[in-house]
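Nothing in this text is a laboratory measurement; each read-out follows from the coordinates by a stated rule. Fair warning: this is a prediction, and the values are worked out from it, not measured in the lab. Note that we place each Cβ from the backbone using ideal geometry, even for glycine, and neighbour counts take in every protein chain shown.
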Amino acid sequence: MDKHIVVPGDFLSDDVKKAGDGTYVSEGKVYSNLYGLASEKEKIRVVSLSGKYIPQARDLIVATVSEITFSNWIMDIKSPYEGLLNVSEYPRRIDSSDMVKYLDVGSSVLVMVKNVSRSMKVELTMRNNKLRPITSGRIVQVSAVKVPRMIGRNGSMISMLKKETNCNIVVGQNGVIWITGKDRDMDKAIEAIQIIENEAHIDGLTDRISGFLKGNVEKEQETVKPAGSEIFDELLD
């Protein structure tokens with residue numbers, strides 16, 4: 001099966017043994033359960049091309065403070081659900097009265113999802129020396145469902161982006177990408193990221209991005225204006 005775009009209810013196969021992620025079986029036939037990109041290896045799988053980020057424990061994400069309460073920073077995590085960063089999960093001991101001195105409304109941070117309850121209470125943590133406030137660099141937002149394409153198989157795409165742009169890049173599972181490097185290099189990285197997001201469903205994307213980064217392909221999309229951030233190469237296993 002060649003990769004192709006499908007919508008919910010599209011027929012995919014008569015072989016129910018091939019039903020994989022993003023599909024369902026009805027009356028002995030396999031159908032798409034999503035609007036996405038269908039492909040087949042051992043099983044037929046549909047990868048969503050749209051949708052919101054649903055947090056899971058140990059996800060590495062970039063979040064932004066939207067509100068401050070007595071003991072929690074309430075975070076926008078680009079999800080239908082808010083994230084809560086308790087003052088006790090900050091990497092140093094601080095008093096609740098001093099919270100705004102460390103993270104104010106609008107501050108962005110690299111955090112990890114500590115726990116997600118059944119009622120979708122999302123607890124965040126910064127209790128790791130690689131998690132920290134974002135104070136330099138740039139932030140780019142892409143659709144969370146495009147994150148696997150940004151990373152690539154075995155990290156191939158993100159490794160190429162880092163190498164060819166000389167930038168440090170962290171891809172949050174919520175689709176927020178944090179980039180640091182020289183301005184010209186960050187510009188190049190952001191342009192490549194835009195191409196990946198817009199053409200994630202197209203075969204030969206890795207070759208196209210490689211050509212673009214080496215100056216062999218013209219960029220066709222408009223540049224999206226980024227906001228601030230900082231970054232490091234290797235984060236969490």
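Which peptide among 202-212, 58-68 comes first, and what is the full order, when sorted by highest mean count of other Cβ atoms within 10 Å? Walk me through the intermediate numbers first.
Numbers: 202-212: 14.4, 58-68: 19.5.
So the peptides 202-212, 58-68, ranked by packing, come out 58-68, 202-212.
Obtain the radius of gyration and the Kirkwood radius of the stretch 41-141 from its C-alpha atoms and give Rg over Rh. Spell out each step's value before the answer.
Details: Rg = 15.1 Å, Rh = 14.5 Å.
When Rh is taken as the Kirkwood radius, the ratio is 1.04.
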Report summary line: Per-residue Cβ contact counts at 10 Å, fewest first, order 53, 102 as 102, 53
Query raised in the report: Rounded to the nearest 5, what % of the DSSP beta bridges within the chain are antiparallel ones?
Result: 90 percent
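With N residues in the stretch 40-87, what two-decimal value do you get for its Cα radius of gyration over 2.2 N^0.38 Å?
Working: Rg = 15.6 Å, N = 48, 2.2 N^0.38 = 9.6 Å.
Compactness ratio reported: 1.62.
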Report task. Between the alpha-carbon centers of the stretch 105-131 and the stretch 7-53, tell me the distance in whole angstrom. Result -> 32 Å
Report task. Would you mind getting the Kirkwood hydrodynamic radius of the chain from its Cα pairs, rounded to one decimal in Å? Result -> 19.3 Å
Query - Relative compactness, the stretch 118-222, computed as alpha-carbon Rg over 2.2 N^0.38 Å - result: 1.14
Requested in this report: Please express the Cα-Cα pair-distance distribution P(r) of the stretch 4-48 as a list of whole percents, one per 5 Å bin, running from 0 to the bin with the greatest distance.
Outcome: 6, 32, 38, 20, 4
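Which helices, taking whole DSSP H runs in the chain, have alpha carbons extending 18 angstrom or more along the helix axis plus mean Kyte-Doolittle at least -1.0?
Values: long enough: 183-198 (23 Å, -0.59).
Qualifying helices, which must be both long enough and hydrophobic enough, are 183-198.
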